[in-house]
């Protein structure tokens, strides 16, 4: 199949100039020249449960051109539609769990146990694919919408092909058993996946008189072709009992089939032993054939030929085998059962009627042990990176991929994982899975994560918290600050000052805390009272985050002390706020004005020294103003200053007398 | 986005296998579309479920058991909303918590608002605007007329809904840093014992009769604790779940101390605090802040943790929890 080209329906380069820009997971295509009158495109709802072919128009924004009669359109082209298929979500989620498990499993185990571990991982992946197939199949049956039905059915066949390929890769690469067991695995694989004949087998077996059934010999042939000797012999025995004239022939054939050397899983025989036995048996079959023992029964004769590995005889049964890879495995079974894996690299396959389909190309590459070719072909044929990313990662763990670097810096495994994870990030919820994938890409994972994580839309605080936790765990401080700032600004705009402060504390953002405190103080100045006392009264250690915040807390404390009539403490605090420069200069006037009622109390509160300090503060404040400012000061300001001066002077007078009078005070 | 409320059947008891483990997967009975993220939900009665949405809407769904369908029974749109200062038009504020005491429903949200609804009444019975200057994360009933809320500046507040004033009757705060509190639950029998979970994964136990600070602080999870629940019939057991992917079972039941430690089942990671040789007095084990007098067994119920456990619930011997890996787990043999 040719590389699928992305067609964006509605975008016509001949009618307009188009420009485009790459996004994290999308491409923006827009028309640049206007002038041509055109109809408005219909809006198509994108994404939900409908799989569109790659490159489908999923959103369309109509804009008006500058004075032109027609509109300029903007297309958002999504590369990865598959992530929006509801039934595939199980695949993504479960495989994520398996992937993490694989990364975390250390290589403490060596040799056989490690291999067994990897095979188990591979089997887990496959069972997830099969579970997904089941769900998809159920969905296809239950749906009444023909378009959905065909979509689901397509998905089922794609998943089925994926499982087929993965299974073969598991046998050839992950398990990579020695010659004998390898063949047994391949036979299992064929039996499992080439099941067109199952119906026929069932029909014959369940009929009253199997041996009289017209398809009887077909079934026997199938059993022989798939190496299911016991089942073949069982069927033949029925024929023999029904047809006594064939008894002799049957006995011989049965004996040959029984004696066929089969590689055992336990690997108890050495290769040479197997070879010898096989040679002997082969010669025996040859002998019987040449003697014409089976000449009178063409069926049995052809079976004997098949046992001898006669290519033409096997090819005659093409229709029963249905696929070239069945033929390949049968050929292997009857020609070289002890073939070592390297010798599989033979172009034995025939039966290629038309040009090979993508599946065939992939399987061929697998049989030829061309790993990179397999991955490349899969990448082209499949619309989604899921398969190649996970398979390559597994093969990498089997240490089968050379670590040659691709020209843009990362290796094949990492490249595929990055692509897959990036695709996940365009999904509103599956992005969480993508994070873990990026974590396990040593070269570029972190950079990719940094770029992607800031683009996740944060519509609830809970989502923001999850994103923040991810950033904090990875010491991505820039992103933490940026996200907290965004959330804090949002809160501020919604007048949620407590929330805003909470975000600033999380980011340890002193500047923002100052901003919030200024807002509080502004509110106080305007309204005369504090809003959100529950917040200010309970700042705790977070007060120290910013000077302004500290001031706010202390200022509120001053008010509280005043309210509780603890005047001398309040006075001390007030003074300290100015002398320790905790209070911003802009607020000094307010503070001094707050001192007025304390100065006017019946009993003297401020000591002489404190009064001097206050006077100094006042003078500092007024001296700091330029003449122009003084001129612009309205009457209230000047009156305030006058009143303060008067109150301070009076207080000073009283306190000097008081301190002078009492002994030692 | 396609969010749904779903009802599942976790199977009948006839399906129990050899080890008493549950066989088979939960079956989906019915579902219905939901607008916005589901932030919290609770059964109002046998048939009705109240759901809090990220759009600020509170919906009551009815589960029709005869034909296994769900329908939206009642809806309070914009129960929670923001008022933009500059434009003075509304924006959505998520409703973060809901608690029911048939027929009353109390909700709290990111707008710092507390609503008191009555099922089948169109308007809110009572609304406290700007009850809190920060986000209210969770709410639970203290008594029939009082609720407890927790917020994002580490405060636990008691609100008396009978009184007309818009102030909390009591405020408790954490010592030290004002870490946001995300969840709250009250002891089923002893109403003065309250547990809260914070953003730093810390579990705090409060005695609201005395003091304004927690009685004990237990270092638990490594990330936000999303939910804390006392077991409704077996309150010596507490369950917490967290963003770090773990679900902890806290067990202060004293009969644990009778068995020597090596008889406990292997394969679980357990942490023991200390030995108990004194008879436990009537005072609940939760309030005892002396670790040498108390023994608590803590178990992580999730063997291979990956993504966050967002929510859990317990009833009898059943535990159910959901994770960010889009999986629901049911454990029907909790105390086996």
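Please work out how much length the chain gains when fully extended from residue A:477 to residue A:601, using 0.36 nm per residue of separation minus the C-alpha to C-alpha distance, in nm with one decimal.
Between residue A:477 and residue A:601, full extension yields an extra 39.4 nm.
What full-extension length gain, to one decimal in nm, is calculated for residue A:639 and residue A:215 as 0.36 nm per residue of separation minus the Cα-Cα distance?
That works out to 141.0 nm of additional length.
Per residue of B:224-231, what is the mean number of Cβ atoms on other protein chains within 10 angstrom of that residue's Cβ?
What the average comes to for B:224-231 is 1.
Express in whole angstrom the spacing between the alpha-carbon centres of segment A:321-336 and segment B:159-227.
71
What is segment A:532-665 by shape, rounded, prolate or oblate, if you read a ≥ b ≥ c off the alpha carbon gyration tensor as root eigenvalues and call it rounded for a/c under 1.5, prolate for a/b larger than b/c, and oblate otherwise?
Oblate is the answer for segment A:532-665, as a/c is 1.5 or above yet b/c matches or exceeds a/b.
What spacing in nm lies between the two simple spin-label points modelled at residue A:646 and residue A:609, each 7 Å away from Cα in the Cβ direction?
Inter-label distance under the simple model: 3.0 nm.
Could you state the principal axis extents of the C-alpha atoms in segment A:266-312, from the largest down, to the nearest angstrom?
Computed over the Cα atoms, the extents are 39, 18, 17 Å.
To the nearest 0.05, what FRET efficiency results for residue A:259 and residue A:160 with a Förster distance of 45 Å applied to their C-beta separation?
Between residue A:259 and residue A:160 the formula returns 0.75.
Quick one, can you get me the convex hull of the C-alpha atoms of segment A:458-553 expressed as volume per residue in Å³?
91
Take each of the peptides B:72-78, B:319-325, A:466-472, B:111-117, average the number of other beta-carbon atoms within 10 Å over its residues, and list them starting from the highest.
B:111-117, A:466-472, B:319-325, B:72-78
Which value results when the Cα radius of gyration for segment A:415-518 is divided by 2.2 N^0.38 Å?
Rounded to two decimals, the normalised Rg is 1.16.
Using only atoms on other chains, find how many Cβ atoms lie within 10 Å of each Cβ of peptide A:458-468 and report the average.
Averaged over the peptide's residues, the number is 6.
Please report, in whole Å, how far the alpha carbons of segment A:206-269 spread along each principal axis, starting with the longest.
Largest to smallest, the principal-axis extents are 41, 25, 15 Å.
How many percent of the alpha carbon pairs in segment A:72-224 exceed a separation of 26 Å?
Counting pairs separated by more than 26 Å, the tail of P(r) holds 50 percent.
Hey, how many Å between the Cα centroid of segment A:251-318 and the Cα centroid of segment A:140-168?
40
What residues from segment A:495-510 fall in the zone where the backbone N is under 18 Å from a label point 7 Å along the Cα-to-C-beta line of residue B:213?
Taking a point 7 Å out along Cα→Cβ of residue B:213, no residue of segment A:495-510 has its backbone N under 18 Å.
With N set to the number of residues, divide the alpha-carbon radius of gyration of segment A:188-339 by 2.2 N^0.38 Å and report two decimals.
1.03
Of all the C-alpha pairs in segment B:1-173, what % are more than 29 Å from each other?
I get 29 percent for the Cα pairs in segment B:1-173 exceeding 29 Å.
Calculate the mean, over all residues of peptide A:533-543, of how many other protein chain Cβ atoms lie within 10 angstrom of the residue's Cβ.
If you average over the peptide's residues, the count of other-chain Cβ atoms is 5.
With each label point set 7 Å from Cα along the Cα-Cβ vector, what nm distance links residue A:312 and residue A:234?
3.5
Step by step: find N for segment A:243-327, compute 2.2 N^0.38 Å, then divide the Cα radius of gyration by it. What's the final number?
Segment A:243-327 yields a ratio of 1.22.
Quick note: the coordinates plus some simple rules give every number you see, no bench work behind them. Computed from a predicted structure; not experimentally measured. Counting neighbours? That spans all protein chains shown, and the Cβs are built from the backbone with ideal geometry, glycine included.
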